[in-house]
Amino acid sequence: MNHPTEKRADARVQNLLRRALERASARTDVDRAIVVPLQPALQRRLQERLRGSMTEKWAPGAKEPKRDPLEYMQLCRQYLAKLDTMGWNRSYHQRLFHDDFLKACTRSFWKLEPPGQFARDHQKVLRVNSWDHIAQEILISTPRRFGKTISVSMFCAAMLLACPGVEISIYSTCKRISQKILRNVQKFALMIADADYATLNFGVKRENMEEINLQGPLGNTDVRIINSYPSKVRTGPGEKSLCALL
């Protein structure tokens, strides 16, 4: 027959063993819980926000994400500057023409943006470009051999590759001039793209004597078109007229 003191000792031993087992089990559960590395809450939120923004900017069929319209405006300037380094250095007046052309075409860079976005960004556009207003029409009158045709061709080529979803129509005084302008646009665009549109993620949908139709890199809705037409424009003796609509 066991003595009461021995029973109490056995009970204490059992309690000690039970507590030791519980502590060992608790440590095992903690070790299992921290097998997956923990991330700081701020880092996790930033990563989720980045993934969300990238998902929103990639359109169906896109080869690259859509950027801010102001970046595309700067890209147009960069393409024109690239032509300066490839044997087509622009004159002082041609650079002024292009600055005014870009100002007039500013709204075109917001074509694929949500409705009302340009109005919300208007003050930012003025501030970034150091403009006091945006004129949507530009009239340039110069003597012959002043570089109007080349200026229009260079600018249209840069716009074609820089502006998402752009549609450009050029009206000239005769069929010969309209075809020459379109050939110049094609030449300058290929110079910008290093002789292959695929280097800029573009695809050619259609090219003929009156139209260049490209599939842009921002998805199925990013179709960029330029047309060059002859038109009946009356000018004075020794004058030549060009009209570009964007």
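Quick notes on this one:
- Yes/no for GLN215 being polar (S, T, N, Q), surrounded by 15 or more Cβ atoms within 10 Å (Cβ to Cβ) and within 21 Å of the chain's Cα centre (by Cα): yes
- Filter result for PHE202 (surrounded by 19 or more Cβ atoms within 10 Å (Cβ to Cβ) and in contact (Cβ under 8 Å) with a residue 12 or more places away in the chain): yes
- Any chance ASP121 is part of a loop (DSSP other than H, G, I, E, B) and of a type in the set (Asp, Glu): no
- Exactly one residue out of LYS175, LYS187, LYS232 is farther than 22 Å from ALA104 by Cα, at pLDDT 95 or above and of a type in the set (Lys, Arg): that is LYS187.
- Answer residue from the range 81-118, given it is within 20 Å of THR142 (Cα to Cα) and of a type in the set (Gly, Ala, Ser) and is surrounded by the fewest Cβ atoms within 10 Å (Cβ to Cβ) among those: SER91
- Subset of the range 214-228 [of a type in the set (Val, Ile, Thr) and either within 17 Å of ILE181 (Cα to Cα) or free of Cβ contacts under 8 Å to residues at least 60 places away in the same chain (or both)]: VAL223, ILE225, ILE226
- Residue within the range 47-57 that is within 22 Å of ASN220 (Cα to Cα), small (Gly, Ala, Ser) and modelled with pLDDT under 75 present: yes
- Pairs with Cβ under 7 Å, 6+ apart, first in the range 125-140 and over 10 Å from THR106 (Cβ atoms), second of a type in the set (A, V, I, L, M) and surrounded by 11 or more Cβ atoms within 10 Å (Cβ to Cβ): VAL128/LEU70; ASP132/LEU126; GLU137/ALA104; ILE138/ALA104
The values are calculated or read from the model by the stated rules, or taken from the named source; none is laboratory data. Predicted model only: the values in this text are computed from it and were never measured. As a convention, Cβ positions derive from the backbone with ideal geometry for all residues, glycine included, and neighbour counts pool all protein chains shown.
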